[in-house]
Amino acid sequence: MNTQDYIAMENELGAHNYHPLDVVVEKAEGAWVYDVEGKKYLDCLAAYSAVNQGHCHPKIYEVFVEQAKHVTLTSRAFRNNKLPMLYKKLNEMTGYEMSLPMNSGAEAVETAVKLARRWGYDVKGIEADKAEIIVATGNFHGRTSTIVGFSDDPSSFAGFGPYCHEAFPMHEYGNIEDLKSKITKNTAAILVEPIQGEGGIVIPPDGYLKAIATICKENNILFICDEIQSGLGRSGKLFAHYYEDVRPDIVIIGKALSGGFYPVSGVLADKHIMLVIKPGEHGSTFGGNPLAAAVAVKALEVLEEEDLVNRSFELGNYFVEKLKAIDCPKIKGVRGRGLWIGFILDRKARPYCEILMGEGILCKDTHENIIRFAPPLVITKEEIDWAVERIAKVIKEND
Ligand SMILES: Cc1ncc(COP(=O)(O)O)c(C=O)c1O
């Protein structure tokens, strides 16, 4: 079968809930993927930052295979000998006292929502079923029906209601005065992405996260940071909220937590928050399974062993400067932190992503006119040079 055969089969038999580029990937290694015809592409999306460690990382692969020989799933009805190791690793790396493992990012966000509401009722004393969680314009926290109910993007929420808007008041991302105006006695938490990824790599004004942390402290409100895409090195720090030297009460992680081998997500918090959820009140059959836990520990170790967070910071700066140096009026701006870059055009970005694919670079448009460049953190300087040369040519030569 060739590319066209696979696409035809997929279009005929699979739900049309995505609009992928027409490349059919068969294998991958490091920062590169190969299609079914053997053509090679530099991956500048890294599975939405799930493969920060690079595709098919050999050390994670080794652990994945080894663990699969022993035991993959026990459910949480029984204990396993890998989950405590993941708890320990997360505790040591992040400083949070406890973690709660789930699978997809959206499930982890749901977990944080439940945790904050329960804390609101049990600790803060909010009247039953009145807890509010303030969210931000332009947010993206996943695709479950509760989460899309607090999105302001019609392609996420339209046609999937009804929703409970009073449970999730929305403030303008980056606007502290607007945020303050949304606080009531029922506010249990404020939930934000420290940098909005799906929103187009939107970096909030300096001091925004710090102001949220202060407001939360003053008003007995939990500060929840969704670091599912921004975290684990993508932004050039372990967590993007480190740029403002704050410590959210709850941090949500996912994606690169498994280096792309397996869906692993989780919520980090200290005991006085985490322990408001009691046995039997929350869980998931696959959450915290030994295969997931073993893979996640190794994926985190690889970030440290290969110094990928600092690499993201340094190479991110290099990539941004190289992109900024492209002289072309179609480019309206370049912004980014670490290897997480929004390349803003004065026109639709999708056609350029398609042409770049022809040149051997895979990337993704977001919000119509922005191309996101977010390669695996193992990318080299030479590979960035190679990519920028092609990006410049494609932007300049095509209308
Ligand atoms: C900030 C953020 N939160 C949550 C999610 C949802 O994660 P998942 O697709 O694993 O459910 C994403 C996915 O892109 C994300 O970027």
Boolean, Tyr163 is more than 16 Å from the ligand (Cβ to nearest atom), in contact with a Ser or Thr (Cβ under 9 Å, 6 or more places away or on another chain) and not in a helix (DSSP H, G or I) | yes
Specify which of the listed residues (Ile195, Ile190) is touching a Ser or Thr at 6+ places or on another chain (Cβ under 6 Å) and in contact (Cβ under 8 Å) with a residue 40 or more places away in the chain.
-> Ile195
What number of residues within the stretch 318-345 are of a type in the set (Ser, Thr, Tyr) and buried (at least 22 other Cβ atoms within 10 Å of the Cβ)?
-> 0
Among Ala112, Ala108, Ala167, the single one that is surrounded by fewer than 23 Cβ atoms within 10 Å (Cβ to Cβ) and hydrophobic (A, V, I, L, M, F, W, C) is Ala167
Enumerated strands (runs of 3 or more DSSP E) restricted to the stretch 31-132, each holding at least 1 residues that are assigned by TED's automatic domain parsing to the domain that holds Val264 and more than 16 Å from the ligand (Cβ to nearest atom) | 98-102
Mind checking which residues of the stretch 258-317 are β-branched (Val, Ile, Thr) and touching a Ser or Thr at 6+ places or on another chain (Cβ under 7 Å)?
-> Val264, Val267, Thr285, Val295
The stretch 333-355 - residue that is free of Cβ contacts under 8 Å to residues at least 40 places away in the same chain and either in the same structural domain as Gly200 (by TED's automatic domain parsing) or small (Gly, Ala, Ser) (or both) and, of those, farthest from Glu321 (Cα to Cα) = Ala349
Candidates Arg118, Arg143, filtered to the one that is out of contact with any strand residue (DSSP E or B) (no Cβ under 8 Å at 6 or more places or on another chain) and surrounded by 17 or more Cβ atoms within 10 Å (Cβ to Cβ) | Arg118
Which one of these does His367 not meet: (1) surrounded by fewer than 21 Cβ atoms within 10 Å (Cβ to Cβ); (2) in contact with a Gly (Cβ under 7 Å, 6 or more places away or on another chain); (3) more than 16 Å from Pro20 (Cα to Cα)?
-> (3)
Can you tell me which residues in the stretch 213-266 are more than 20 Å from Lys114 (Cα to Cα), free of Cβ contacts under 8 Å to residues at least 60 places away in the same chain and within 13 Å of the ligand (Cβ to nearest atom)?
-> Gly231, His241, Leu257
Would the stretch 346-359 turn up any residue that is aliphatic (A, V, I, L, M), crowded, with 18+ Cβ neighbours inside 10 Å and touching a helix residue (DSSP H, G or I) at 6+ places or on another chain (Cβ under 6 Å)?
-> yes
Checked the stretch 73-105 for anything of a type in the set (Phe, Trp, Tyr) and surrounded by 15 or more Cβ atoms within 10 Å (Cβ to Cβ); matches are Tyr87, Tyr96
Is it true that some residue in the stretch 263-279 is modelled with pLDDT of 95 or more, within 18 Å of Gly95 (Cβ to Cβ) and of a type in the set (Val, Ile, Thr)?
-> yes
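The values are calculated or read from the model by the stated rules, or taken from the named source; none is laboratory data. Here the structure is a predicted model, which means the values were calculated and not measured. Don't worry about glycine lacking a Cβ; one is built from the backbone with ideal geometry, like all the others, and counts go over all protein chains shown.
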